[in-house]
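Undergrad: First, the structure itself, so that you have it in front of you.
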Amino acid sequence: MTLLGDRPAAAAPPPPPAARPSRRSWRPSGRVVLTVVVVAILLYLVAGPLIMLVGSSFQDSSTGLPLSAGAEWTLENYTRVFGNEQTYTALGNTLIFAGGALAIAFTLAVLFAWLIERTDIPFPNASFVLLVAPSGMPFLIVSIAWSLLLNPTNGLINQLLDTWFGFTVNIYSMAGMIFVQGIGMVPITFLLVSAAIKGMSSSLEDAASTSGATLPQTLRRVTVPMMTPALLGAFVYLIVNVVDTLDVPLVLGLPGHEIVLSSQVYLTSRPPAGLPDYGAASVYGILMIGMVIVPLLVYNRLIGRANAYTTIGSRARHPKKLQLGIWRYPALGLLGLYVLIGFVLPFLVLIWVSIQPFYEGISQAAVDRITFDGYRDIFSSGAVGEAFLNTLILGAAAGITAVALATLTSWLIVRSRSRATWMLDLLAFMPHAFPGVAIGLSISLIYLVLPIPIYGTIWIVVLAMATQYVSLGTRLTTSGIVQIQETLEKAGATSGAAMRTVWRRILVPLLRPAFVNAFLLVFLASIQNLTLPLMLQSPDNTVASTLLWGHWDRGNVTSAAVLSVVMTIITVLAAGFLRNTTRKM
Amino acid sequence: MNETREADELEVEETGGPRKHAIHVRGLEHVYGTGKKKFTAVDHISFSVEESRFYTLLGPSGCGKSTTLHCIAGLERPTSGEIELGDTVVVSSRRFVPTHRRDIGMVFQDYAVWPHMTVFENVAFPLRVSRHKVRDVKERVMRILETVGMAHLSQRRPSELSGGQQQRVSLARALVREPSVLLLDEPLSNLDATLREQMRAELRQIQRRLKVTTIFVTHDQYEALAMSNRIAVMRNGTIVQEGTPREIYREPKDAFVASFIGVSSFIEGTLQTTDDDGFGWVDSNVGRMRTRVSPDAVAGDRVLVVVRPEGVVLQPLGTESQENHFPAVVDYRLYLGGGYDYRLQVGGVPVRATRPANEPYRNKDKAVVHLPAEECIAIPAGEEQHAPPPGTIPEDPRDQVPGGLT
Ligand SMILES: Nc1ncnc2c1ncn2[C@@H]1O[C@H](COP(=O)(O)OP(=O)(O)OP(=O)(O)O)[C@@H](O)[C@H]1O
Ligand SMILES: [Mg+2]
């Protein structure tokens with residue numbers, strides 16, 4: 001190619017451009033406006049409740065609502081709570097409960113994940129599906145089922161144990177709570193752990209072994225350190241969940257007088273008799289935040305934000321599978337046993353009880369009593385229809401709100417270099433450390449005080465649910481956006497597309513899988529959630545979970561069982577759908 | 001394509017002056033971050049690109065080339081300065097036209113071809129989002145795909161294309177709305193050497209055919225020399241030298257430009273006299289020599305004499321007494337296929353020479369090196385040591401085609 005150069009330098013500068021009608025000198029860019037709006041919404045949703053909680057913990061609310069005209073500032077709530085021996089019992093119980101349940105869940109989940117991903121266990125795919133299926137069964141229902149199986153008076157299994165061996169097991173005990181919670185958490189733990197195992201390219205392990213490392217050395221120096229961040233992440237995520245949970249502590253803890261912090265908040269703010277003690281409840285809520293914030297902060301410090309978002313690489317190569325030999329079928333049997341205990345048995349007992357007019361053991365007389373009246377009653381009741389409609393509204397609205405907000409937040413966190421990023425980061429992270437009972441409590445207080453007429457409607461629950469799940473949503477959408485190269489957006493702008501068009505034609509289509517996934521996850525979590533609807537319950541905003549709890553609490557065992565069966569079928573199908581879309585991505 | 005352009009121009013001429021597609025950048029500054037993390041990536045640079053010319057921003061990694069380009073595209077908001085595209089001021093203290101309102105087309109280093117659209121849809125996108133309704137979308141898209149040789153693959157998805165094909169799609173997308181300015185951010189750097197050379201030629205041809213004013217960013221000196229009408233050499237956010245490829249190569253302004261563009265040997269010395277014909281005498285480390293003299297150098301200055309390896313001549317012993325002839329030793333030589341790359345010692349100064357394969361000099365041989373005055377230029381030495389010593393110049397061995405540049 002010949003050079004074209006050798007022309008004289010650019011001639012005299014051209015005349016100044018024709019003056020155009022000058023625009024307004026400066027107007028905020030769309031990005032700035034968006035940042036301000038998103039920060040404002042998050043502040044309202046997240047910081048509002050936190051301020052309310054802290055505020056009401058310093059207020060004497062024995063005579064009325066916190067932060068209202070008559071209330072006075074005081075430290076009395078704190079002295080009362082910390083002078084009460086019950087507080088330390090609840091604190092200790094929470095630690096034991098969380099520790100025990102996590103130990104069970106992790107032991108089983110790591111074992112199962114390793115068996116399915118790294119050994120030649122028979123039917124790995126079917127095993128995977130069966131292991132994950134129980135994640136569709138809400139904890140409330142699992143607890144009810146185990147109460148039916150193992151309560152000391154007429155639990156089905158207890159009846160058998162009594163006749164055969166002359167002893168019974170009491171599920172209304174700390175051990176019972178730990179067992180049910182631990183078994184119930186296996187599927188979600190398994191999902192997190194197996195994702196970590198899968199994401200790890202086996203070539204890294206091969207590199208170790210070709211460097212001369214033995215199998216134990218490889219495990220110790222490569223496999224375990226590489227999996228640590230993911231395992232630690234799963235562990236911290238689950239600590240928050242188990243501290244927060246209200247299902248097992250209500251169904252199994254209350255009858256056995258085993259109180260943990262979450263049930264303590266519930267009982268103090270919505271006592272079965274007498275006035276609510278919002279001040280003390282707020283202090284308990286703050287105590288719970290203190291409990292989960294430490295592991296969360298330690299985790300964030302250790303792993304760093306960037307790493308938490310690293311995406312799981314595609315499985316380039318199937319790793320070598322360990323030959324189990326004669327242990328293949330015993331291993332499968334162990335897995336089967338778990339599926340039996342974790343899902344089949346609870347579901348069967350619920351079906352059985354749902355077709356009985358009243359609850360007793362299994363006998364010829366009971367078989368003769370089989371009736372479907374329970375189902376007929378439930379489906380002909382208007383209250384049930386309304387509750388299911390509310391549940392649907394709740395799931396859809398919370399899902400859409402949380403995902404929309406999460407998407408904007410993630411995009412700003414990932415793409416903008418503005419100074420507001422750390423604030424968005426913090427605001428989106430905070431609900432994660434904000435236990436449901438505390439969110440429920442403070443949001444109910446806010447709308448008791450503020451003149452916004454949503455107290456007692458389903459919308460207050462939607463608001464609380466969106467607040468609760470914006471963290472989860474942000475995590476999912478952030479990893480979605482990180483995978484989209486920024487130049488794809490910039491290319492849109494240089495092609496002449498405005499920001500709106502870039503979102504509509506480029507970002508949204510590319511993010512669709514992440515949206516669907518995040519929406520379904522939030523939807524599923526919302527319809528299973530008992531804590532928030534219960535903390536915000538009123539006659540007009542009953543959802544499926546509070547309806548179910550109401551029947552159980554009042555002793556309508558058959559109705560509770562019928563509802564449990566129906567809800568289990570719905571949520572298991574929804575979960576199956578979710579896993580199916582997730583797997584395709 | 002050509003015809004439409006001409007038709008366009010005629011039409012415009014009827015209604016007013018000819019369409020101006022020049023680019024003017026004045027006092028452009030861009031600062032990243034705030035407070036302690038403040039970093040001036042572009043420091044008050046100015047340049048102009050004439051209509052339908054190919055202008056290259058060349059410089060080492062991190063010197064602010066992409067930032068400059070992104071400011072022109074509107075992807076970054078400059079801290080200060082003015083930018084004019086065509087006859088529109090797009091950036092000034094009072095005004096900032098957002099990217100999508102600028103009449104530009106841009107090709108990104110990673111192509112940024114949208115994976116959820118077919119080739120056709122990718123290229124049609126700029127027309128479809130245009131503020132003016134475009135009627136003959138299909139025709140125009142197919143025509144531009146034809147131009148880049150991708151028409152037969154218009155229904156493919158990007159995941160089914162090779163790197164070079166994605167690059168063409170990206171180019172077609174940038175050109176389809178016939179922008180007045182084409183911005184290219186290292187579009188060739190992701191391609192392998194052969195494809196890069198081929199695309200280099202094609203890109204230039206297409207640009208010349210469509211007569212679109214182009215700013216091209218690269219850190220590859222050979223690409224810059226081969227393709228550009230004019231080159232601006234950047235360093236630390238400033239333009240060090242601006243000129244035609246020949247000027248930049250033959251008359252580097254300082255040691256940085258000399259060592260960044262092409263391979264150079266440097267000989268230190270003092271400028272003794274300058275003549276009217278642009279030549280002068282330098283008292284150098286290897287001896288007294290006649291060289292061309294840069295206009296920036298004055299008699300008495302410390303200077304560096306820059307010699308390109310293609311200009312160096314090797315001669316048998318016994319010719320030492322002639323002008324600009326010095327005794328030398330062959331340190332070693334590298335075979336380049338077309339010839340040898342000699343590493344010489346001339347009075348303790350390392351000098352490189354590129355010579356045909358048929359010359360007899362071998363490792364450790366003594367010889368006489370002739371540095372023709374026409375091939376040498378004396379430039380001011382400046383405060384700093386001439387940065388990278390010869391031999392450690394960043395270079396891509398694949399591009400070392402001896403003599404291929406003159
Ligand atoms: N977002 C940012 N924040 C802070 N500094 C930045 C940012 N983007 C770029 N820089 C810095 O600005 C300088 C110029 O960057 P730029 O991308 O323009 O370099 P470049 O000349 O294109 O380099 P390369 O050839 O490597 O692409 C670099 O030193 C870089 O570290
Ligand atoms: Mg760059």
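The values are calculated or read from the model by the stated rules, or taken from the named source; none is laboratory data. Every value quoted in this text rests on a predicted model; they were computed, and no experiment measured them. Positions of Cβ are backbone-derived with ideal geometry, glycine not excepted, and every protein chain shown enters the neighbour counts. In case anyone asks, the SASA skips ligands and DNA or RNA and just uses the protein heavy atoms, side chains included. Shrake-Rupley method; radii C 1.70, N 1.55, O 1.52, S 1.80 Å.
Undergrad: When region B:241-269 is examined, which residues are found to be open to solvent by less than 60 Å² (accessible area, probe 1.4 Å) and within 14 Å of chain A (Cβ to nearest Cβ)?
TA: B:GLN241, B:GLY243, B:THR244, B:PRO245, B:ILE248, B:TYR249, B:ARG250, B:ILE261, B:GLY262, listed by residue number.
Undergrad: So, one more: Can you give me the number of residues within region A:252-291 that are of a type in the set (D, E, K, R) and within 20 Å of the chain's Cα centre (by Cα)?
TA: The number of residues fulfilling the criteria is 0.
Undergrad: Name the single residue, out of those in region B:39-48 being within 13 Å of chain A (Cβ to nearest Cβ) and within 12 Å of ligand 1 (Cβ to nearest atom), that is surrounded by the most Cβ atoms within 10 Å (Cβ to Cβ).
TA: Within region B:39-48, the match that is surrounded by the most Cβ atoms within 10 Å (Cβ to Cβ) is B:ALA41.
Undergrad: Here is a follow-up. Checking B:PHE108 against (1) open to solvent by 30 Å² or more (accessible area, probe 1.4 Å); (2) within 16 Å of ligand 1 (Cβ to nearest atom); (3) among the aromatic types (Phe, Trp, Tyr), only one condition comes out false. Which one?
TA: So B:PHE108 meets the others, but not (1).
Undergrad: Still on this structure, please answer the following. Report, by residue number, each residue of region B:32-47 that is β-branched (Val, Ile, Thr) and either assigned to a strand (DSSP E or B) or outside the structural domain of B:VAL91 (by TED's automatic domain parsing) (or both).
TA: Passing the criteria: B:THR40, B:VAL42, B:ILE45.
Undergrad: If a residue has to be open to solvent by 30 Å² or more (accessible area, probe 1.4 Å) and either among the β-branched types (Val, Ile, Thr) or closer than 21 Å to B:ASN122 by Cα (or both) to count, how many in region B:179-201 make the cut?
TA: The number of residues fulfilling the criteria is 2.
Undergrad: Could you check region B:48-158 for helices (runs of 4 or more DSSP H) lying wholly inside it with 2 or more residues that are within 30 Å of the chain's Cα centre (by Cα) and within 16 Å of ligand 2 (Cβ to nearest atom)?
TA: Because the criterion is at least 2 residues that are within 30 Å of the chain's Cα centre (by Cα) and within 16 Å of ligand 2 (Cβ to nearest atom), the helices (runs of 4 or more DSSP H) in region B:48-158 that meet it are B:65-73.
Undergrad: Of these, B:GLU76, B:GLU29, B:GLU51, which one is acidic (Asp, Glu) and near ligand 1 (Cβ under 10 Å from one of its atoms)?
TA: Sole residue among the options that is acidic (Asp, Glu) and near ligand 1 (Cβ under 10 Å from one of its atoms): B:GLU76.
Undergrad: Do the conditions hold for B:PHE260, that is, is it touching a Gly at 6+ places or on another chain (Cβ under 8 Å) and closer than 15 Å to B:PRO372 by Cβ?
TA: In short, no.
Undergrad: Which of the numbered conditions does B:VAL217 fail, given that it passes all the others? Conditions: (1) within 16 Å of ligand 1 (Cβ to nearest atom); (2) within 11 Å of another protein chain (Cβ to nearest Cβ).
TA: (2)
Undergrad: Has region A:479-498 got any residue that is away from every other protein chain (no Cβ under 14 Å), buried (at least 20 other Cβ atoms within 10 Å of the Cβ) and out of contact with any Lys or Arg (no Cβ under 9 Å at 6 or more places or on another chain)?
TA: Looking for residues that are away from every other protein chain (no Cβ under 14 Å), buried (at least 20 other Cβ atoms within 10 Å of the Cβ) and out of contact with any Lys or Arg (no Cβ under 9 Å at 6 or more places or on another chain), one finds none in region A:479-498, hence no.
Undergrad: B:VAL25 is checked against (1) open to solvent by 70 Å² or more (accessible area, probe 1.4 Å); (2) away from ligand 2 (no atom under 16 Å from the Cβ); (3) at pLDDT 85 or above and fails just one. What number does that condition carry?
TA: (1)
Undergrad: OK, next. Could we say that A:SER538 is away from every other protein chain (no Cβ under 14 Å) and open to solvent by less than 50 Å² (accessible area, probe 1.4 Å) here?
TA: Yes, satisfied.
Undergrad: May I ask you to list the residues in region B:270-298 that are loosely packed, with under 14 Cβ neighbours inside 10 Å, not in a strand (DSSP E or B) and not acidic (Asp, Glu)?
TA: B:GLY278, B:PRO295, B:VAL298
Undergrad: May I pose another question? Name the one entry in B:LEU58, B:LEU145, B:LEU85 that is surrounded by 21 or more Cβ atoms within 10 Å (Cβ to Cβ) and within 16 Å of ligand 1 (Cβ to nearest atom).
TA: B:LEU58
Undergrad: Further question: Taking A:TRP503 as the residue in question, decide whether it is under 23 Å from A:SER381 (Cβ atoms) and open to solvent by 30 Å² or more (accessible area, probe 1.4 Å).
TA: Here the answer is no, as A:TRP503 does not meet what is asked.
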